[in-house]
1. From the set of residues in segment 209-229 that are assigned to a strand (DSSP E or B) and over 32 Å from the mean Cα position of the chain (by Cα), which is surrounded by the most Cβ atoms within 10 Å (Cβ to Cβ)?
2. Quick one: residue 76 ticks every box in (1) touching a helix residue (DSSP H, G or I) at 6+ places or on another chain (Cβ under 8 Å); (2) surrounded by fewer than 21 Cβ atoms within 10 Å (Cβ to Cβ) except a single one, so which number is it?
3. Only strands (runs of 3 or more DSSP E) wholly contained in segment 65-113 count here; list those with 2 or more residues that are within 19 Å of residue 519 (Cβ to Cβ) and free of Cβ contacts under 8 Å to residues at least 60 places away in the same chain.
4. Is it true that residue 200 is surrounded by fewer than 16 Cβ atoms within 10 Å (Cβ to Cβ), assigned by TED's automatic domain parsing to the domain that holds residue 245, over 30 Å from residue 58 (Cα atoms) and modelled with pLDDT of 95 or more?
5. Take residue 103 and decide whether it is in contact with a helix residue (DSSP H, G or I) (Cβ under 8 Å, 6 or more places away or on another chain) and either in the same structural domain as residue 277 (by TED's automatic domain parsing) or farther than 17 Å from residue 272 by Cβ (or both).
6. Could you list, in sequence order, the residues of segment 477-523 that are surrounded by fewer than 16 Cβ atoms within 10 Å (Cβ to Cβ) and within 26 Å of residue 449 (Cβ to Cβ)?
7. State yes or no: is residue 150 closer than 18 Å to residue 59 by Cα, at pLDDT 95 or above and not assigned by TED's automatic domain parsing to the domain that holds residue 519?
8. Would you mind stating whether residue 164 is within 20 Å of the chain's Cα centre (by Cα), in a loop (DSSP other than H, G, I, E, B) and crowded, with 19+ Cβ neighbours inside 10 Å?
């Protein structure tokens, strides 16, 4: 009986596990399904953690829960996900996420407003008690929108593993979307490993755009590739879906050399703390310089993404025989549509020049520091994906309060951040509270990084190398402009335009007769709006609005209006 119980338990576990993995949810939208983005799609500095449902280019389409569960988290932010709901589904161990909403259902909305007044903040991130907001499958939970960092009306939808919070591919759990379109190949790239490989007598990458014939079939490379030593390969490709003009991410990438698979990646799930590893998954330098997205079919040592199948090597190819090496890419989407593309590398002996001596090697598996007069950079272990030779230079510039520092000559991504300190020059102002570091673009535009005064300079953190930095000061407070204040009482709404010249808005607050009032806003607009709430306003009195704002350099502005 003990043995039978043991086997029954194993069978039950397998049955439940298979049931959960094969769980099919209803769609979160009630209109015909069309996607503008898929899971794992390559975005700036991160993989897309969900799928984007089109909402017919408008807001206020009903959004419903995909299954029974309860609201476990509510967040509101001017950027990011905007208005977002999280629903736990205990029976399956999943959490569904609905982002960029325009509004919540009435009960949730009333609860949220009460919390915003309690916390005296527009931005909130709260976790209601488990039984407070139960929901049923198909129950409306809100309306679609365009809030936060959304670039157009849509629903960003996720399914997460509730226990780990890993992002899962929602297409594995919702009703099948018609798709018979194979991935679309755009380019092939070749990367000689510096000091160990060479391609066409060069140690620089070669990136080739793939043309197509009239039927849309990819043509041959169009040029001869001769290589010797260790090389890597990359591919630029997107997916397509029936009836849509959008491009999507490719789910599966496989590379074969002489019929042997040397690389294989599948984007099925990932933890959020690895989203930024997109910058080692792609050709980061080409992305920074050309906004082009080549996926590299080799793995750098600091890359711990969970996408890769077990292989003998890291995807690099050793070209050590004078012969033709036959390569083949297989690109496959979620529904099994496959594009195959074959090409060759000619193994041809060439001189592999030794790398010049590097004075400042940064090692991926150690903490690193660089010290020069007036400059300090510290990169903690875990921030680099591979070794590289660090360079630094500086130039005088009277427009800034320090030298301008070029922090490495080429782009290098950091997984989290590096600490940087820059020395002030001799004519620094006495007031140090408004100092900050700016990043200087090639066209001279400045973007505020910020920082704090420390030991005769300013320290801050940066998230990538390859840019120019210098110290400046921001002494100008934000600008507060009332919009048609004579109409506020009749329209029962207050609208204010808020802007800043350099460092950006850090905080704001609205009060009427000394009491907090809730102004809403979105990162895409400088307009801040308060809609009258009679239950929270004094009756029969003149109203005095006080609106204050502080920028990231600590400058504060305040305006008062009576109406």
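The values are calculated or read from the model by the stated rules, or taken from the named source; none is laboratory data. Being a predicted model, the structure only gives us computed values, none of them experimental. Reconstructed Cβ throughout: ideal geometry from the backbone, glycine too, with neighbour counts over all protein chains shown.
1. We begin by selecting, within segment 209-229, every residue assigned to a strand (DSSP E or B); these are 209, 212, 218, 226-229.
When the remaining residues are screened for being over 32 Å from the mean Cα position of the chain (by Cα), the result is 226-229.
Values: 226: 15, 227: 22, 228: 24, 229: 21.
Result: 228.
2. Here residue 76 meets the rest and fails (2).
3. Working: elements: 69-76, 83-89, 94-101.
Fully inside segment 65-113 and qualifying: 69-76.
4. Details: surrounded by fewer than 16 Cβ atoms within 10 Å (Cβ to Cβ): no; assigned by TED's automatic domain parsing to the domain that holds residue 245: yes; over 30 Å from residue 58 (Cα atoms): yes; modelled with pLDDT of 95 or more: yes.
In short, no.
5. Details: in contact with a helix residue (DSSP H, G or I) (Cβ under 8 Å, 6 or more places away or on another chain): yes; either in the same structural domain as residue 277 (by TED's automatic domain parsing) or farther than 17 Å from residue 272 by Cβ (or both): yes.
For residue 103, the condition - in contact with a helix residue (DSSP H, G or I) (Cβ under 8 Å, 6 or more places away or on another chain) and either in the same structural domain as residue 277 (by TED's automatic domain parsing) or farther than 17 Å from residue 272 by Cβ (or both) - is met.
6. Looking only at segment 477-523, we keep the residues that are surrounded by fewer than 16 Cβ atoms within 10 Å (Cβ to Cβ), and these are 479, 481, 483-487, 489-493, 497, 499, 501, 504, 507, 511, 513-515, 520, 523.
479, 497, 499, 501, 504, 507, 523, listed by residue number.
7. Working: closer than 18 Å to residue 59 by Cα: yes; at pLDDT 95 or above: yes; not assigned by TED's automatic domain parsing to the domain that holds residue 519: yes.
Here the answer is yes, as residue 150 does meet what is asked.
8. Details: within 20 Å of the chain's Cα centre (by Cα): yes; in a loop (DSSP other than H, G, I, E, B): yes; crowded, with 19+ Cβ neighbours inside 10 Å: no.
Here the answer is no, as residue 164 does not meet what is asked.
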